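The values are calculated or read from the model by the stated rules, or taken from the named source; none is laboratory data. Keep in mind the model is a prediction, meaning the values are calculated, not measured. Positions of Cβ are generated from backbone atoms using ideal geometry, with glycine treated the same way; all protein chains shown enter the neighbour counts.
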Amino acid sequence: MLLGTFSFVGLKITGPDMRQTGLNYFNQTHLADMTVTSAYGLNQADQKTIADQARVKTVNYGYFTDAKIKGITNGIRVFSNSGSLSQYKVVAGRLAKTDTEIALNNTLKGTYHLGETITLQDGTGLAKTKFKVVGFVKSAEFINHNDFGQTSVGTGQLSGFGVTTKRAFSLTEYNLARISYRDTAKLNAYSNAYTKLMNKRQATLLKDLNQHRAAKYQAAKASLSTALINQDTNALDAASVDATLTLVEDFLTSHGLTAVREQSTTANPVLVADLNETAPSAPPILLGHLDTVFPVGTAKQRPGVIDGERLTGPV
């Protein structure tokens with residue numbers, strides 16, 4: 001799964017009364033000034049980079065992923081509880097206290113009820129699949145209840161969100177950071193001054209964080225290459241190919257990524273994954289290039305072909 005590296009508050013509400021209501025809501029829930037998401041995860045170097053930015057006041061780290069509730073076609077975005085920033089307002093019930101509990105957004109209240117158990121599917125990075133609904137909530141991050149965003153899960157459209165505990169996630173690194181700044185408290189979130197300031201800080205932070213991207217990719221590539229080389233591939237049959245593909249998929253999943261199997265022109269499996277944080281619509285990066293490693297019926301070879309070339313079509 002890949003989401004935009006940055007998003008910042010730019011909510012549009014027409015009319016002074018509605019804007020004031022919005023500002024009051026933002027203040028009550030301590031809405032973050034900026035949110036950073038990363039498909040690679042936010043490691044210690046990233047966290048130091050964020051902390052070292054000018055005028056940073058508070059940073060909350062957490063997890064998120066997109067999943068599909070069994071029985072419906074649309075996906076939901078599942079977050080770990082937000083901490084002091086972008087707090088959720090409980091409409092009914094309560095927030096989750098255990099890793100098998102979840103609170104859903106209030107627009108799903110008519111579809112699900114308190115005490116009901118739901119099953120989440122295709123949720124990369126979730127340690128659990130079954131959750132008991134313990135509450136319904138609102139979030140200032142989702143003002144427009146008719147558009148929760150897009151996703152690679154289900155139909156491609158999000159129908160809401162859910163909030164659980166950090167323990168419900170199996171990711172090894174945080175993939176979400178919410179940031180507030182010291183000098184924004186007195187600025188109107190709808191003003192040009194606020195927008196200009198956030199645009200400037202977004203560009204600076206993006207530039208600084210991107211300095212770590214090459215190192216992250218190389219580390220992931222080296223680890224994956226070692227895992228493939230160590231895989232026993234003496235038997236050049238379908239089961240061996242499948243075992244290696246599964247190994248790669250497990251590796252990608254542990255890093256919060258979604259692996260996709262595609263068929264090449266030679267009818268041998270190819271594994272690809274999108275690792276491009278800044279351009280979600282770009283073609284995926286080729287990680288496992290297995291049809292050149294497993295030419296069926298030829299001499300035995302060990303899979304070690306890992307490269308960073310873009311996959312522009314069947315290989």
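Some values worked out for this structure:
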| quantity | calculated |
| --- | --- |
| Residue pairs meeting the criteria (Cβ under 6 Å; at least 6 apart or on separate chains; first in contact (Cβ under 8 Å) with a residue 24 or more places away in the chain, in the stretch 99-123; second surrounded by 21 or more Cβ atoms within 10 Å (Cβ to Cβ) and part of a loop (DSSP other than H, G, I, E, B)) | I102/A96; A103/A96; D122/V153 |
| Residue that is surrounded by the most Cβ atoms within 10 Å (Cβ to Cβ) [pool: residues in the stretch 119-135 that are among the β-branched types (V, I, T) and over 13 Å from T65 (Cβ atoms)] | V134 |
| Residues located in the stretch 53-79, provided they are touching a helix residue (DSSP H, G or I) at 6+ places or on another chain (Cβ under 9 Å) and either in contact (Cβ under 8 Å) with a residue 60 or more places away in the chain or assigned to a helix (DSSP H, G or I) (or both) | Q53, A54, R55, V56, V59, Y61, G62, Y63, I76, V78 |
| Some residue of the stretch 95-107 being within 18 Å of I72 (Cα to Cα), in contact with a helix residue (DSSP H, G or I) (Cβ under 6 Å, 6 or more places away or on another chain) and in the same structural domain as T151 (by TED's automatic domain parsing) | no |
| Failed item in (1) part of a strand (DSSP E or B); (2) in the same structural domain as G115 (by TED's automatic domain parsing); (3) out of contact with any Asp or Glu (no Cβ under 7 Å at 6 or more places or on another chain), with D147 passing the rest | (1) |
